[in-house]
Amino acid sequence: MENDNPNNNTSDRIKLNVGGKLFETTISTLQSGGPDSLLSTLSTRHVSTTSPFNNASLDSLSSALSTRHISSTSPFNNNNSNNNNNNIQDRGPIFIDRDPEIFTVLLSLLRTNRLPKNRFSVTELTEEAEFYGIESVLLHALKPNRFSGIDASIVKVINPASDGFVTDFHVVSDGAVFIAHGGQVTVYDSNLSYVQTVRTHLDEIGSVRRVARGAREVVAVGSEDVAGVSFYDMVNGRGVGSVEWRDESDPRIYKARVRAISDSEEEVFVSCESYHRENCVLVVDKETLGVKGEIGRQSGSSAKFGVPRGLSYVKEMGVLVGTSVTSGAFGYSGYVRLWDVRSGRVVWETNEPGSGRSSRFGDSFADVSVDVNDMSMCKICSKSGDLGIADLRKLGDDPWVYLRDTNPSLRDTSGGVSNSVVHCYKKQVFVGRDGGLEVWSRVAEKGGSSEIGEESFRRNYMDKVEDSERGIIKKIEGGGERLFVSREGAEGLEVWESSVFSGAVLVPWLYDTIIWRWRTHKASIER
């Protein structure tokens, strides 16, 4: 029989028989699940000498328990009033016809406020927690810790049921993820529990985006082989519409394929490219799923006018950020362009190579990422491997601040690599160099300055050797308190979370002091 702290007052103890296994705990533990929970109701079986049950309360409790297959070896009836002065230990345990192993996990959760390691799925735990009325406690415990890349690790790899090679994915703000694999889209909720898989008409989805349409869960999908963007209702799995970029006055505009998708509260933005390389961003109304207009039509005759392969909508500024990166025999080239969504006009742009300060001339970016919440933008240089950050609110001729690595414990990795990916999230910058993953974490500056300087971030590795050997990193995206990573040639989607000790802020001068004291202490021991 499992019991709680033996030092607890015996009058506070209560016994339960769950599926034939005896448990002994305290009333306060059961009531920690909330006043409306079934376990809190069961705790009222403890009859004190000062507050005896009356007939009404006994009938009410007996009725509530019977609906959930719960009984007691000491029935609640009028004759029981003579035993009100008996100690709780003299009464028989309450019998609950449920799984005792899962109840062991849930009882430990109520005692410690933490979910112990167990072999049960989230679905199994949730079903039992709903029965006992403590689902809110479980959901709170299932939430990952505050995400900090410096102490994050892989907690699981999500493998869709079939076509396990991830072609694209989209993470929403609460940490739920929509995974495209082959021609299917699979959804996992914020607890990473499987929700549903929808089969589309495409053989291979190249772009996927969850676009909330009122109360309906809708995803937009596109392919580099089939023209147009299609919308699917994730509840019933049916297609609800499709849109294709067409222009009857220009015969070159036909069978335009989708390169990227983004959205605002009212519109969906789709980057389209025709066979003759003409391209634009198509604006689609979420309510009608009809075309409202287009932004930034370009000829595609050069890298400066190439199709945007990355789209990010910045709500606070009302702008759409489009990025394009191409590589060839002479290296990387591309642009970053900001359009005003209402007017469709370009409000800022930069083209590389050919912009920035002279020391960066010819060192074009290999990848660009936008943090719409922090209002920042980061890039990784293709030749030097340097990391640059810009404030979207302070864009000018040369807005980039190039970070300098001040962590002496890391080996020198200066210089670019053949495959680089960057993603900025929660005031951190995550960089994939081939198969390796690193994080640049913001450090607290003296005086509390919020300005970004060359030494405002400290670099650390995130992955282990075996992690980096899984394959070249293809995409990084954060959502909720998690980071998701996909790799070329590797099945599944990696999920990264932080430990319970995350959230510490690095302070350079304090860090140096700790290191100095540790070295001094170590030297004194050796002497």
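Bear in mind these aren't lab numbers, they're just calculated from the coordinates by the rules spelled out. Fair warning: this is a prediction, and the values are worked out from it, not measured in the lab. Note that we place each Cβ from the backbone using ideal geometry, even for glycine, and neighbour counts take in every protein chain shown.
For Ser249 and Ser450, calculate 0.36 nm times their separation in residues minus their Cα-Cα distance, and state this gained length in nm to one decimal. Working shown, then result.
On the way: separation 201, 0.36 × 201 = 72.36 nm, distance 5.12 nm.
Residue separation times 0.36 nm, minus the Cα-Cα distance, leaves 67.2 nm.
In sequence order, segment 483-489 has phi-based couplings of 10, 10, 9, 10, 10, 5, x Hz under the Karplus curve 6.51 cos²θ - 1.76 cosθ + 1.60, θ = phi - 60°, and Gly or Pro positions carry x. If the cut-off is 14 Å between C-alpha atoms, which aspartates and glutamates fall inside it for Lys286, apart from same-chain ones fewer than 8 positions away? Partners found: Glu217, Asp233, Asp263, Glu265, Glu266, Glu267.
For the peptides 284-291, 235-242, the ranking by mean Cβ contacts within 10 Å, running from highest to lowest, is 284-291, 235-242. Computed from backbone phi with θ = phi - 60° and the Karplus coefficients 6.51, -1.76 and 1.60, the 3J(HN,Hα) list for segment 382-399 is 6, 8, 7, x, 6, 10, x, 10, 9, 8, 4, 8, 10, 7, x, 5, 9, x Hz; x is used for glycine and proline. For segment 252-400, averaging the sequence separation of C-alpha pairs within contact (under 8 Å, six or more residues apart) and dividing by the residue count gives a relative contact order of 13 percent. Once the Cβ-Cβ distance between Arg393 and Arg119 is put in as r, and R0 is 51 Å, what FRET efficiency do you end up with, to the nearest 0.05? Efficiency, rounded to the nearest 0.05: 0.55. Taking amide H positions as modeled 1.01 Å from N, with prolines and chain starts lacking one, no residue 5 or more places away or on another chain lies under 5 Å from Lys255.
Here are some pairs, Lys292/Lys315; Lys292/Lys379; Lys383/Lys474; Lys156/Lys383; which of them have Cα atoms lying more than 25 Å apart in this structure? Could you put the intermediate results ahead of the total?
Details: Lys292/Lys315 19 Å; Lys292/Lys379 32 Å; Lys383/Lys474 19 Å; Lys156/Lys383 33 Å.
From the list (Lys292/Lys315; Lys292/Lys379; Lys383/Lys474; Lys156/Lys383), the Cα-Cα distance tops 25 Å for Lys292/Lys379; Lys156/Lys383.
Modelled spin-label separation between Glu488 and Met375, with each label point placed 7 Å from Cα along the Cα-to-Cβ direction: 3.7 nm.
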